[in-house]
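What follows is one structure encoded as structure tokens, with my remarks underneath.
The values are calculated or read from the model by the stated rules, or taken from the named source; none is laboratory data. What you see is a predicted model, and the numbers here were worked out from it, not measured in a lab. Note: ideal-geometry Cβ built from the backbone for every residue, glycine included; neighbour counts use all protein chains shown. SASA here: full protein model, heavy atoms, side chains in, ligands and nucleic acids out. Shrake-Rupley method; radii C 1.70, N 1.55, O 1.52, S 1.80 Å.
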Amino acid sequence: MGSIVGIVVVVIGILASVALHEVGHMLPAKKFGVLVPDYAVGFGPALWKKKIGDTTYALRAILLGGYVKIVGMYAPARPGTRLVGRGGKPTLAQEAREASAEEIPEGQEHRAFYRLSAPKKIAVMLGGPLMNLLICIVLSAVTMIGIGAPTASRTIADVPATIMSASGEVASPAYEAGVRPGDTVVAWNGQPVATFAELQRAVGATQEGESAVLTVERDGTTVDLTVSPVTGAQGARLVGVTAGYEYVSASPADVAAANWQMFTGTTAVVTRLPQAVWQVGRSVFTDEKRDSSGVVSVVGVGRLAGEVTGDSQALGLRDTRQVVAVLLSLLASLNMALFVFNLIPLPPLDGGHILGAIYEGMRRTVARVRGAEDPGPADTARLVPVTWVVGGLLVAMSVILIVADIVKPVSLG
């Protein structure tokens, strides 16, 4: 049951992320006057829909993603452009131009996407990935600042009667000295202790046979206790206490650093994506172990979320608060991946459309500087064959990753 909760949470999070990605495209498009007739969450038959202004909003039965329909993505062909192939049929590019033109209602030609300036086209297409980046930053801030990270505190959680030393099982120095669970460490040999790590360093600095005064706070009063650390089985100096923990919030600078690290790490993965997918595919048919930091599909993300909620104690997660933090971190990482992946400069990804708009802007700028005639919008329909090839590769990649996540999943354990 616990694992199902994690899967449901992540599925809803992914759906919301994709839906908001499309909102990121829709809002600037509507702001610039482009006709946006449809916005939907999910695919298939509509469970609910309502028309507000020019846009029909819908919730559909198959909750796998969403879409926004922006009218007039492709400009008409320029004079002299070849419109038919060798068999006399329209080229893929021309079919795309015709389909784009048919979407535009009569009298609404001025509201076609292709009529926007290059900067506005970039704003519309960049809006989706930027929405995912914003979601990532917000989720990271909620996780790191709002929830915080469990950190060893100065309050003692446990004081066992015996511990393992280098010479075998011995009485715990702290227990023998009278330290008890609930005591809060205040000082070591009169020196204030601000963190449990400082206590560990102070204990580590004591010599064999040397005693020290441990000052603790108990029921509002301070108590001085004399302890004699021993050498543990691993060679470290020990007094035999287990720290409690408290949640410590990060600073905004820490959040920024974490997001930058997430961005650079994701970019590194995306730049070697073909190699990473090949390695995943090869691991399915061999004994090769999958890279735990490699790429996974949506199915893989769901499995990881199920692991977090279903077996949190085995993963070392202390409580529900930390489980929630891990789930939010997963969704933050996913949105960073959507941000970076969608910026790949190939159609049908947003980066492909952005590249086309950049090319158009540069060409128009050069023409203006030279005093030449405005060349008009770029004929991005010419890239439709590339769109089909890239789309096919994306489908193949998704199938490989989904199969791998089913038969040879990545585990957090």
Taking the alpha-carbon centroid of each part, what is the distance from segment 159-181 to segment 13-72 in angstrom? 63
Hey, what angle do you get for helix 273-285 against the long axis of the chain, alpha-carbon based, 0 to 90 degrees rounded to 10? 70
With every protein chain in place, the chain: carbon and sulfur % of accessible area (1.4 Å): 62
Accessible area of segment 150-248 divided out per residue, in Å², using a probe of 1.4 angstrom: 53
Over what distance in Å are the Cα centres of segment 316-377 and segment 194-259 separated? 47
Which whole-number percent of Cα pairs in the chain have a distance greater than 40 Å? 40
FRET efficiency, 1/(1 + (r/R0)^6) with R0 25 Å, evaluated for residue 157 and residue 222 via beta carbons: 0.80
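Roughly speaking, what is the stretch gain from residue 108 to residue 398, that is 0.36 nm per residue apart minus the C-alpha to C-alpha distance, in nm to one decimal?
100.6 nm
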From the C-alpha coordinates alone, can you work out the Kirkwood hydrodynamic radius of segment 153-225, in Å? 12.8
In deg cm²/dmol, rounded to the nearest 500, the helical mean residue ellipticity at 222 nm of the chain, built from -39500 (n - 2.57) for every DSSP H run of length 4 or more, is -16000 deg cm²/dmol
Based on Cα coordinates alone, diagonalise the gyration tensor for segment 65-108, multiply each eigenvalue by 5, take square roots, and list the semi-axes in whole Å, largest first. 23, 14, 8
What's the FRET efficiency of residue 59 with residue 86 using the Cβ-Cβ distance as r and R₀ = 35 Å, to the nearest 0.05? 0.20
Count of lysine pairs in the chain with Cα atoms under 26 Å apart, counting only pairs 8 or more residues apart in sequence or on different chains? 20
With everything on Cα atoms, drop me the angle between helix 118-141 and the longest principal axis of the chain, reported from 0 to 90° to the nearest 10. 20
Does anything in segment 200-226 have its amide N under 14 Å from the 7 Å Cα→Cβ label point of residue 191, and if so which residues? 200-207, 212-215
Stretch residue 11-residue 207 to full length: gain in nm at 0.36 nm per residue minus the Cα-Cα span? 65.1 nm
Tally Lys/Arg at +1 and Asp/Glu at -1 over every other residue whose Cβ is under 13 Å from the Cβ of residue 40; what's the total? +3
Semi-axes in Å, largest first, for segment 1-62 (Cα gyration tensor, √(5λ)) are 28, 15, 7
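Once the other residues with Cβ under 11 Å from the Cβ of residue 30 are scored (Lys, Arg +1; Asp, Glu -1), what is the net sum? Could the numbers behind the result be given before it?
Details: positive: 31, 111; negative: 54.
Value of the local net charge: +1.
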Can you tell me the 0 to 90 degree angle between the C-alpha axis of helix 2-31 and the longest principal axis of the chain, rounded to 10? 40
What whole-number distance in Å separates the alpha-carbon centres of segment 287-301 and segment 142-158? 30
